[in-house]
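Reviewing the structure listed below.
The values are calculated or read from the model by the stated rules, or taken from the named source; none is laboratory data. All of these numbers come straight from a predicted model, not from anything done at the bench. Cβ atoms come from the backbone with ideal geometry, glycine included; neighbour counts cover every protein chain shown. With ligands, DNA and RNA removed, areas are computed over all heavy atoms of the protein, side chains included. Shrake-Rupley method; radii C 1.70, N 1.55, O 1.52, S 1.80 Å.
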Amino acid sequence: MKHNLSHVRLFFLSGLSETMNYRVAIFSLTLLCYCFIVLVNVALIVTIILDKNMHEPMYILLCAFCMNGLYGTTGFYPKILWDLLSPVHVISYSGCLVQTLVIYSFVCSDMSILAVMAYDRYVAICRPLVYHSIMSTLRLLMLVCFSWLTPFCIIGTNIILTSRLKLCSPHINRLFCVNWAIVKLACFPADTIINNIVAYITIIIYVFHVFFIFCSYVYVIKTCVNSLENRAKFMQTCVPHLTSLLIFLVSVLFDIMQIRYGSTDLPQALDNFIAIQYLVIPPIMNPLIYGFKLTKIRKRILGCITFKFKVLR
């Protein structure tokens, strides 16, 4: 029988235990990845903020999307970089809960912003005559706040429920803290029933987000079939959204399936890759997808690069 360690003050993270022989190489690669994420997201945010021609709902939502990417990756990369330089991989109890809150709220906010983006494209293509009245500045602000605050409250509820559990072990077999990994350390499984219920409700809420996005694009595609102009608009603005959605859903789905139902016999390197892919692939790919696909952003960025090149010459 496990000793009751209900007053856990530190968690030991064992996700890096088998890779410490390569920690210099992994640290360099991780630092490079984080710097690139910050660079491309900040570049897109600054471009949208400085260019008044981009002060439109689609670009403002994209700006919020990139800001959320920076927020989520900040909850992971500084800590993992510190762990790669440290002989012992620990995190305080409160720090673990905060990291869980940041990473999970980032994931849910991404889904909410993608849903608002889908709604924006639906109104722009299917109801163009009333687009500006529907997507007014006030409504856009409300939707962005909803996309950030609602996930924070929902995930905060999950974290509060987790904080009441008595834990029987301080060991988490992950690179970083996740809610389900903490819940599994509970001394009494019966105490986790409400955690499971709220967790499944949370998953259902965001499954409905996916369903809403799917329905929005079904209407958009129906509208675009018989119109060359709408088809061009779809290829220009909707394809990046759908690509981002697909990358994001695949990344998150892999992690959910692995942490809840996956095998514990997977090699640690593969387990780590599944765990971090939604913190690596979407924050890198999203700014690149939108930067190359959206003409205004591409022209603005290429114009800045050309101007700096001429100045340096």
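Please work out the average accessible area per residue across the chain, using the 1.4 Å probe convention, and give it in Å².
Numbers: 16580 Å² over 313 residues.
Using a 1.4 Å probe on heavy atoms only, each residue of the chain averages 53 Å².
What part of the accessible area of region 16-81, given as a whole %, is carbon or sulfur when the probe is 1.4 angstrom? All intermediate terms of the calculation are to be shown ahead of the outcome.
Values: 2310 of 3240 Å².
Looking at region 16-81 in its full context, I get 71 percent from C and S.
Provide the per-residue ³J(HN,Hα) series for region 243-249, in order, calculated from phi with Karplus coefficients 6.51, -1.76, 1.60 and θ = phi - 60°, each as a whole number of Hz, with x at glycine and proline positions.
Each residue's phi maps through the Karplus curve to give 5, 4, 4, 4, 4, 5, 5 Hz.
Could you compute how much accessible surface Trp148 exposes when probed at 1.4 Å, giving the result in Å² to the nearest 10?
Ignoring ligands and nucleic acids, Trp148 comes out at about 90 Å².
Quick one: putting +1 on the C-beta of Lys and Arg, -1 on the C-beta of Asp and Glu, what dipole do you get for the chain around its Cα centre, in Debye to the nearest 20? Walk me through the numbers on the way to the answer.
Numbers: 24 positive and 11 negative charges, 169 e Å.
Taking the Cα centre of the chain as origin, the dipole is about 820 debye.
In degrees between 0 and 90, to the nearest 10, how far off the longest principal axis of the chain does helix 93-126 point, with axes built from Cα atoms?
On a 0 to 90 degree scale, this one is about 20.
Note the full-extension length gain between Gln258 and Leu85 as 0.36 nm times their separation in residues minus their Cα-Cα distance, in nm to one decimal.
Values: separation 173, 0.36 × 173 = 62.28 nm, distance 2.73 nm.
Between Gln258 and Leu85, full extension yields an extra 59.6 nm.
Please give the solvent-accessible surface of Met67 in Å², to the nearest 10, using a probe radius of 1.4 Å with every protein chain present.
80 Å²
Just to check I understand the Karplus step: with θ = phi - 60° and J = 6.51 cos²θ - 1.76 cosθ + 1.60, what whole-Hz values come out for region 74-88, glycine and proline as x?
So the Karplus estimates, Gly and Pro as x, are 5, x, 10, 5, x, 5, 5, 5, 5, 5, 5, 9, 10, x, 10 Hz.
What is the distance, in nm, between label points placed 7 Å from the Cα along the Cα-to-Cβ direction at Arg231 and at Val210?
For Arg231 paired with Val210, the spin-label model returns 3.0 nm.
So what does Val225 come to for accessible area, using a 1.4 Å probe and Å² rounded to 10?
80 Å²
Treating the angle as unsigned and between 0 and 90°, give the value, to the nearest 10°, between the Cα long axis of helix 137-163 and the longest Cα principal axis of the chain.
Its long axis makes an angle of about 10 degrees.
Taking 0.36 nm per residue of sequence separation and subtracting the Cα-Cα distance, how much length would be gained by fully extending the chain between His132 and Arg23, in nm to one decimal? The partial results should precede the final answer.
Values: separation 109, 0.36 × 109 = 39.24 nm, distance 5.21 nm.
Taking His132 through Arg23 to full extension adds about 34.0 nm, to one decimal.
Quick one: how many lysine pairs does the chain have with C-alpha atoms less than 28 Å apart and a gap of 8 or more or different chains? Give me the count, please.
23
What's the center-to-center distance, using Cα atoms, between region 59-77 and region 183-232 in Å?
20 Å
Which percent of the accessible heavy-atom area of region 102-192 goes to carbon and sulfur, probe 1.4 angstrom? Walk me through the numbers before you get to the answer.
Numbers: 2710 of 3870 Å².
Taking all protein chains in place, region 102-192 shows 70 percent carbon and sulfur surface.
With a 1.4 Å probe and all protein chains kept in place, how do Ile154, Ile213 rank by accessible area, largest first?
Numbers: Ile154 35, Ile213 5 Å².
I get Ile154, Ile213, largest accessible area first.
How far is helix 193-224 tilted off the main Cα axis of the chain, in degrees rounded to 10, range 0 to 90?
20 degrees
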